[in-house]
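The values are calculated or read from the model by the stated rules, or taken from the named source; none is laboratory data. The model shown is predicted, which means the values in this text are computed figures rather than measured ones. No Cβ is skipped: glycine too gets one built from the backbone with ideal geometry, and neighbour counts run over all protein chains shown.
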């Protein structure tokens, strides 16, 4: 797990400023605390690498990595099946000089060319230069776990794990894209789209390759897509095969030459990983769980859930799991102290805003984890694969049942939903999900919410986009399957972006078994009933985990998520002139033309008075203002590495 930076001449003959390049590489020091190295590969090509040593800790695996005088590689990520690939290559007569996955990746490319990526089980963003053919081959993993940002500027291609390296080398790239920012403010859309918040900086999309030929011509193409078709396995056989695949996905992601642990919540996903992990290796692994101080008094929102008295505390179940499995549990009390300073540091690492206030407790959790670990296993990706966000698939799941004539089952499923959600919130959920199919409903909802009055002229002129990239239709695809494809290729990519940014800010590698491509490809064609059964999501996973995970966890059918007291942060007393609302209503912010003075004041007054809770939206707007201060105004006071244990 590392950081990459590179510059490639596209034929303009512009020389590379090597001193400035090395300075740009230092912007990735948090991604690679074990050393930075830059290399002029040939005239017009410069590669840089910041290393976080995980597998093969020796200097022989340092990058940029070279084989003969022909091939050079700069690579961020992990190829988890590198041992199997190494054995396959050795059987073909290939000899190795190192014991890590870096050399396996490059020799796989030499052996199989562009098709090597179809053999990789892992997460990656890399670039390879062939000195004989004078070509670049670059790739990003199937689901977008690792970032690959790029820009074409002054006849050069610049690419990096983080945009700040590009901005340092080419300051002219620090121009905002107001359309993307407007879309984020209205719909919370983030890194799932190709365009970044910087006008001329883009992201290589998940599952895509990029090449540059000897003439400087650039080409991109998709090398992986979701499988099409339907699986005809019976449920019992599918459950058995699923369980075997999941166990192997965890096993591969436990390969590490440095300490490894897990982020543990009260939910099915992380408890499943922890249970399988302890079967594979029953050592007392460290687990880390976040909770808020008791003084916050967090309970469920009674306007959404039937149970409005449920205390929100992940640590209760997490501690029980840790005791049962023999984990070394760490409960991290998180809070919003130094709210603006912490959010500014997070925005600096995200290089954009983010709509989840959970990023702040996540940063605190991973800071503590880094004191003992270098690798954590994480449950990200399960919900989008297995319909875990049941509130987001009510409409498509019911729609499929009705379309197939199973009206009785549809009614029983609806009754199950009403055991969890209030009737009012269920109607709202269905209307919101239907708006994805009927754009006019989305526009009507936005007008009724009245949020447009808070936007100034720079943002008002831009129409909102959907919260996922445009999808090509698939023949025979049901409503549930399409919704999961939207989530997996859309919102999940945004979650992976902030997960990568926050973990790497702490020099920590996060690995996600639910994003093993074999598991995704197996689950994708399964019938919808295997994923949602009578209002219960992740059905096949729950059944596959019987006997490993506590039944009480498997039988908890509500997906509550990690709730944060974000609304209170905009109601607490602050020293005059220093609070988050002072920033939003300050002359510096309003002068940008992003927000309307009177509209913003009205919304803030509604929030202060308690008439409405606009905490998440205010968090979003504050993120935007801090982004402008950091990247456009040039206030880089947050350009400090996160303190981690030696």
### Message
Condition check: assigned by TED's automatic domain parsing to the domain that holds residue 129, crowded, with 17+ Cβ neighbours inside 10 Å and modelled with pLDDT of 95 or more. Does residue 77 satisfy that?
### Response
yes
### Query
Considering only helices (runs of 4 or more DSSP H) fully contained in the stretch 420-493, which possess at least 1 residues that are farther than 30 Å from residue 521 by Cβ, at pLDDT below 65 and under 26 Å from the mean Cα position of the chain (by Cα)?
439-449
### Task
Considering only the stretch 111-151, state which residues are under 19 Å from residue 518 (Cβ atoms) and part of a loop (DSSP other than H, G, I, E, B).
120, 121, 141, 142, 143, 144, 145, 146
### Message
Being part of a loop (DSSP other than H, G, I, E, B) and surrounded by fewer than 21 Cβ atoms within 10 Å (Cβ to Cβ): is that true of residue 256 here?
### Response
yes
### Message
So if I check each of 155, 234, 179, which one is on the phi > 0 side of the Ramachandran plot and surrounded by fewer than 19 Cβ atoms within 10 Å (Cβ to Cβ)?
### Response
155
### Query
Would a scan of the stretch 170-186 turn up a residue that is closer than 25 Å to residue 512 by Cα and either assigned to a loop (DSSP other than H, G, I, E, B) or more than 23 Å from the chain's Cα centre (by Cα) (or both)?
no
### Query
Can you name the residue in the stretch 587-613 that is over 32 Å from the mean Cα position of the chain (by Cα) and part of a loop (DSSP other than H, G, I, E, B) and, of all such residues, is farthest from residue 315 (Cα to Cα)?
591
